[in-house]
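A.B. asks: Below is a structure I'd like to ask you about.
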Amino acid sequence: MQTYWLASYPKSGNTWFRIFLANLLYPDRAPVDPNQLPISNLIASARGPFEEIMGFNSSLLTSEESACLRPTLDRLIADDWQGKICLRKVHDAYTFLPNGQPLLGRPPGYKALYILRDPWDVAVSAANHWGLSIEDTVDRMCRRGPNKNQDTNATEQFPQQLLSWSEHVLSWLHSPLEVCLIRYEDMHINALATFRKAVKFLSLQYDDRCIEQAIRASEFKNLQKLEAEGGFIESPRQGAKFFRKGIPGEGLTLLSTDELEKLQDQRKIVNQAILSIGVD
Amino acid sequence: MNSCYYYCGFKLDTALEFPELRHLESDEIEFRTISIRTGKVSIPTSNEFYSGPNWAIGPNESYWWLDGVLRSRITLEGVTIDASRRVSAGLVRALILEAPMIMAMQYHDAFCLAVSAVTEGNSVRAFRFLPGGGSSTAAGWQIRYGDNYTLVSDTLLMVSLGAQDQPLAWPQGSGLLLWPKSRSLLKLEDFPMLEVRSELPLRRVMLPSADRALPLGKIETAAMYRRIRQSLQEDTNLLKARKPFRFAALRTAGRLWIDPMGRSEEHFRWCLAIAKNSKIEKASHDNLYSQEG
């Protein structure tokens with residue numbers, strides 16, 4: 001089955017899009033419970049499927065060794081996929097393994113829907129999610145190249161190579177995959193056209209009425225209410241909200257001049273690339 | 001010359017050295033024996049086997065491999081190992097004690113839950129979180145900060161069925177694999193530990209271990225450590241009705257290999273016994289970490 005990566009830098013609307021998709025595919029369950037989505041929640045970096053299919057404790061391998069095995073696993077997962085659409089969340093940048101193979105597959109088996117969010121707003125949301133100061137978060141978003149010191153601990157996910165924010169975006173735009181770019185801000189202010197574009201890219205046949213219903217069922221205020229009532233399994237830690245504000249433009253009011261400038265440089269790189277590639 | 005070691009309720013008879021395991025006398029006959037020997041192993045290309053990315057399973061023999069590291073052939077009698085000389089012995093041993101041993105035990109109709117576990121009084125309390133989610137740390141926590149807990153398992157809990165199908169949990173006997181952060185949290189610097197491979201700071205910490213099989217009392221499950229800190233998440237639906245059976249089936253180590261080995265019926269009965277006789281419940285932070293270290 002065709003794999004669609006739902007790719008984004010963290011805190012860029014990936015979860016929101018999957019909730020929309022669940023509401024679209026399962027209108028009888030709308031609004032879906034974000035804690036029990038009827039579509040797969042399987043992130044590309046999850047250890048669980050790796051250990052179950054390969055049959056051993058993945059923490060015995062270095063991050064590079066385990067990364068080399070992930071493409072094989074992803075092919076198997078796609079072959080055995082039982083759902084309506086094989087759409088998988090991924091926060092990794094599109095990178096290459098030491099043997100030259102891409103970590104996240106080649107066409108035609110793989111395509112990517114990339115969600116791009118303003119880096120100023122990403123910084124505010126990611127700082128809350130990672131439990132870092134905004135200053136440290138901005139530094140992390142601007143840090144170029146792969147993180148080479150990843151084998152110090154094991155969590156429920158394999159170490160992810162995010163690269164810098166601009167490198168992350170460009171890695172996907174310059175990848176050999178067919179990529180559909182949508183903007184988080186457009187998911188708010190031009191929702192129908194944006195979600196329609198994504199739905200069409202995913203080769204799903206739904207009319208505007210269905211898409212509008214799914215958008216309404218996935219409104220941010222509803223998600224905030226559901227999280228307040230029942231919690232959310234992807235919340236980063238006690239007391240921290242996952243569906244925090246979601247308002248475009250918050251970063252402008254909360255980042256210092258220096259932080260704004262650092263991320264503005266990142267944004268310029270991405271905007272130039274988008275213009276030259278013509279993907280937007 | 002061969003030595004004998006204890007592992008998951010079995011006696012390993014081997015010329016390889018396993019410093020992470022307890023020696024057994026060769027005349028101890030209470031345990032079934034699995035031999036581990038070295039030899040050339042060729043991975044079969046025949047489609048008689050049910051194949052995965054790094055394994056091929058048949059009713060009488062199976063193969064498990066990791067390219068460039070290890071190839072193994074597994075039968076009822078034991079495991080033949082063909083390891084690369086460039087790979088550290090610690091890594092080879094750690095891998096042998098996982099998939100090849102799981103397969104060998106399955107040929108003996110012995111199944112393992114993929115859980116960490118400790119003794120609690122006269123029964124066993126197991127923890128199952130997502131891989132990398134802290135179940136080994138949770139087990140270590142009970143041993144370090146609880147009263148009279150000993151280690152039963154880190155990754156594999158072999159469960160046999162006793163009288164009236166009572167599930168009996170056997171000590172794994174290979175310590176607890178922990179990363180520096182957990183070792184620091186659990187204040188384990190003074191405990192004996194073994195390096196697994198020089199490239200990783202992962203260590204096998206030898207904590208006080210149970211020395212006999214005990215009834216499997218309960219299994220506590222959670223998505224991950226940080227999630228069980230959230231008091232809002234009261235997922236009581238998780239474990240109703242047929243879910244304990246499903247839990248045991250899905251958390252069986254090497255569950256993909258059971259059908260092609262022809263062990264489905266034995267495994268069904270095993271899952272049913274666990275579902276009927278052991279409690280499976282949602283882990284709570286207060287129960288797990290009531291004694292702050």
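The values are calculated or read from the model by the stated rules, or taken from the named source; none is laboratory data. Treat the numbers as computed from the prediction; the structure is a model and nothing was measured. Virtual Cβ from ideal backbone geometry, glycine too; neighbours counted across all protein chains shown.
A.B. asks: Scanning for something within 14 Å of chain B (Cβ to nearest Cβ) and in contact (Cβ under 8 Å) with a residue 12 or more places away in the chain, does the stretch A:12-33 turn up at least one residue?
C.D. replies: Checked against the condition, which is being within 14 Å of chain B (Cβ to nearest Cβ) and in contact (Cβ under 8 Å) with a residue 12 or more places away in the chain, the stretch A:12-33 yields at least one hit.
A.B. asks: So which of B:Ala249, B:Ala283 is away from chain A (no Cβ under 13 Å), on the phi < 0 side of the Ramachandran plot, at pLDDT below 95 and surrounded by 15 or more Cβ atoms within 10 Å (Cβ to Cβ)?
C.D. replies: B:Ala283
A.B. asks: Let me ask something else about it. Please count how many residues of the stretch B:144-156 are in contact with a strand residue (DSSP E or B) (Cβ under 6 Å, 6 or more places away or on another chain) and either closer than 12 Å to B:Met206 by Cα or away from chain A (no Cβ under 14 Å) (or both).
C.D. replies: 6
A.B. asks: Looking at the stretch B:93-115, is at least one residue among the acidic types (Asp, Glu), more than 16 Å from B:Glu220 (Cβ to Cβ), part of a strand (DSSP E or B) and outside the structural domain of B:Ala248 (by TED's automatic domain parsing)?
C.D. replies: Among the residues of the stretch B:93-115, not one is among the acidic types (Asp, Glu), more than 16 Å from B:Glu220 (Cβ to Cβ), part of a strand (DSSP E or B) and outside the structural domain of B:Ala248 (by TED's automatic domain parsing), which makes the answer no.
A.B. asks: Can you name the condition, by its number, that B:Ser46 falls short on among (1) more than 30 Å from B:Leu288 (Cβ to Cβ); (2) crowded, with 20+ Cβ neighbours inside 10 Å?
C.D. replies: Tallying (1) more than 30 Å from B:Leu288 (Cβ to Cβ); (2) crowded, with 20+ Cβ neighbours inside 10 Å, B:Ser46 fails exactly one: (2).
A.B. asks: Yes or no: the stretch B:40-49 includes at least one residue that is small (Gly, Ala, Ser) and either assigned to a loop (DSSP other than H, G, I, E, B) or touching a helix residue (DSSP H, G or I) at 6+ places or on another chain (Cβ under 6 Å) (or both).
C.D. replies: yes
A.B. asks: Read through the list (1) hydroxyl-bearing (Ser, Thr, Tyr); (2) assigned to a loop (DSSP other than H, G, I, E, B); (3) within 20 Å of A:Leu25 (Cβ to Cβ), then give the number of the only condition that A:Thr194 fails.
C.D. replies: That leaves (2) as the condition not met.
A.B. asks: Report whether or not B:Val79 is surrounded by fewer than 19 Cβ atoms within 10 Å (Cβ to Cβ) and modelled with pLDDT of 95 or more.
C.D. replies: For B:Val79, the condition - surrounded by fewer than 19 Cβ atoms within 10 Å (Cβ to Cβ) and modelled with pLDDT of 95 or more - is not met.
A.B. asks: Moving on. Take the residues in the stretch B:158-180 that are outside any loop (DSSP other than H, G, I, E, B) and in contact with a Ser or Thr (Cβ under 8 Å, 6 or more places away or on another chain); name whichever of them is nearest to B:Leu272 (Cα to Cα).
C.D. replies: Per the stated criteria, the residue is B:Pro167.
A.B. asks: Could you check A:Gly105 against (1) part of a loop (DSSP other than H, G, I, E, B); (2) away from every other protein chain (no Cβ under 12 Å); (3) within 16 Å of the chain's Cα centre (by Cα) and say which number it fails?
C.D. replies: In the conditions (1) part of a loop (DSSP other than H, G, I, E, B); (2) away from every other protein chain (no Cβ under 12 Å); (3) within 16 Å of the chain's Cα centre (by Cα), A:Gly105 misses (3) alone.
A.B. asks: Does B:Phe31 count as modelled with pLDDT under 95 and under 19 Å from B:Leu157 (Cβ atoms)?
C.D. replies: For B:Phe31, the condition - modelled with pLDDT under 95 and under 19 Å from B:Leu157 (Cβ atoms) - is met.
A.B. asks: On to the next question. Being touching a residue at least 40 places away in the same chain (Cβ under 8 Å) and either in the same structural domain as B:Leu156 (by TED's automatic domain parsing) or outside any loop (DSSP other than H, G, I, E, B) (or both) is the filter here, so list the residues in the stretch B:72-88 that pass it.
C.D. replies: B:Gly78, B:Val79, B:Thr80, B:Ile81, B:Asp82, B:Ala83
A.B. asks: Any residue at all in the stretch B:4-27 that's farther than 28 Å from B:Arg203 by Cα and in the same structural domain as B:Pro100 (by TED's automatic domain parsing)?
C.D. replies: Yes; the residues of the stretch B:4-27 include at least one that is farther than 28 Å from B:Arg203 by Cα and in the same structural domain as B:Pro100 (by TED's automatic domain parsing).
A.B. asks: Another question, if that's okay. For the stretch B:116-138, which positions are modelled with pLDDT under 95 and under 18 Å from A:Ser59 (Cβ atoms)?
C.D. replies: Selection gives B:Phe127, B:Arg128, B:Phe129, B:Leu130, B:Pro131, B:Gly132, B:Gly133, B:Gly134, B:Ser135, B:Ser136, B:Thr137, B:Ala138.
A.B. asks: So B:Leu232 ticks every box in (1) of a type in the set (A, V, I, L, M); (2) part of a loop (DSSP other than H, G, I, E, B); (3) at pLDDT 95 or above but one. Which box is left unticked?
C.D. replies: Condition (3) is where B:Leu232 drops out.
A.B. asks: Go through (1) closer than 17 Å to B:Glu20 by Cβ; (2) surrounded by fewer than 18 Cβ atoms within 10 Å (Cβ to Cβ) for B:Ile96 and report which single condition fails.
C.D. replies: Result: B:Ile96 passes all but (2).
A.B. asks: Among the listed residues A:Ser133, A:Ser125, which satisfies the condition of being buried (at least 16 other Cβ atoms within 10 Å of the Cβ) and either farther than 30 Å from B:Ser198 by Cβ or not charged (D, E, K, R) (or both)?
C.D. replies: From the options A:Ser133, A:Ser125, the qualifying one is A:Ser125.
A.B. asks: Next question. Would you check which residues across the stretch B:54-71 are surrounded by fewer than 20 Cβ atoms within 10 Å (Cβ to Cβ), within 14 Å of A:Met54 (Cβ to Cβ) and in contact (Cβ under 8 Å) with a residue 40 or more places away in the chain and list them?
C.D. replies: Those that are surrounded by fewer than 20 Cβ atoms within 10 Å (Cβ to Cβ), within 14 Å of A:Met54 (Cβ to Cβ) and in contact (Cβ under 8 Å) with a residue 40 or more places away in the chain: none in the stretch B:54-71.
A.B. asks: Further question: Please determine whether any residue of the stretch A:77-92 is in contact with a Cys (Cβ under 8 Å, 6 or more places away or on another chain) and within 14 Å of chain B (Cβ to nearest Cβ).
C.D. replies: The answer is yes, given that some residue of the stretch A:77-92 is in contact with a Cys (Cβ under 8 Å, 6 or more places away or on another chain) and within 14 Å of chain B (Cβ to nearest Cβ).
A.B. asks: A follow-up question, please. When the residues of the stretch A:128-186 are narrowed to those that are small (Gly, Ala, Ser) and part of a loop (DSSP other than H, G, I, E, B), which ends up modelled with the lowest pLDDT?
C.D. replies: Ranking the candidates gives A:Ala154 first.
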